[in-house]
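Please read the structure below before turning to the comments.
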Amino acid sequence: MSGPTHITVRVPLRIRRRPGRKTVVTPVVDGLPAHTTTRADPTLLKALARAFWYQRMLDAGKYTTIGEMAAGEKLDRGYLGRLLQLTLLAPDLVEAIVEGRQAEGVTLPRLLEPFPVEWAEQRRPTALIDATTELAPSIEVRIGSRT
């Protein structure tokens, strides 16, 4: 590749606090019921949402470094760096987590450990998707160079 590239992944969700638990609210899509049950892990969803939110703030220029962001958001710099690495997960792995199709052993502490940046390598050792679940036939990802 020549020059820097970027990828935008948006995860549409809201987290509502209900008495005693948190509920993930996804947007209503034509043809699908408004309320769909999921076995998605709310902790993973919240971490993914935060990771992409913090990445968006970096991209927008609100903060110039992770250290500056950590101080501004009152977070530990190391934790923020590990959280931001979640934005490097392959789109189909993010989709599997959002839909609750990740493997049983996949937890936030496991995802905060270092993992390969290449998407093909991520799929092999981490086994984030159950072998019994099918992925969507195609996933659209825009990759473009910044000018």
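In the list ALA40, ALA71, ALA90, ALA103, which residue meets the criterion of being modelled with pLDDT under 95, over 14 Å from VAL11 (Cα atoms) and among the small types (Gly, Ala, Ser)?
Details: ALA40 fails: over 14 Å from VAL11 (Cα atoms); ALA71 fails: modelled with pLDDT under 95; ALA90 fails: over 14 Å from VAL11 (Cα atoms).
Residue meeting the stated conditions: ALA103.
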## Note on the structure
Those residues of segment 104-117 which are part of a helix (DSSP H, G or I) and surrounded by 15 or more Cβ atoms within 10 Å (Cβ to Cβ) amount to LEU108, LEU111
### Selected residue (criterion: farthest from THR43 (Cα to Cα)) from residues of segment 67-103 that are in contact (Cβ under 8 Å) with a residue 12 or more places away in the chain and part of a loop (DSSP other than H, G, I, E, B)
ALA90
### Task
Please specify each residue of segment 36-48 satisfying the condition of being surrounded by 13 or more Cβ atoms within 10 Å (Cβ to Cβ) and either part of a loop (DSSP other than H, G, I, E, B) or over 16 Å from the mean Cα position of the chain (by Cα) (or both).
THR38, ALA40, ASP41
### Query
Going by the structure shown, is ALA51 modelled with pLDDT of 95 or more, part of a helix (DSSP H, G or I) and under 17 Å from the mean Cα position of the chain (by Cα)?
yes
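Take LEU32 and decide whether it is over 24 Å from GLU121 (Cβ atoms), exposed (fewer than 13 other Cβ atoms within 10 Å of the Cβ) and modelled with pLDDT under 75.
Answer is yes for this residue.
The values are calculated or read from the model by the stated rules, or taken from the named source; none is laboratory data. Please read all numbers here as calculations on a predicted model, not as lab measurements. Cβ coordinates were reconstructed from backbone atoms using ideal geometry, including for glycine residues, and neighbour counts include every protein chain displayed.
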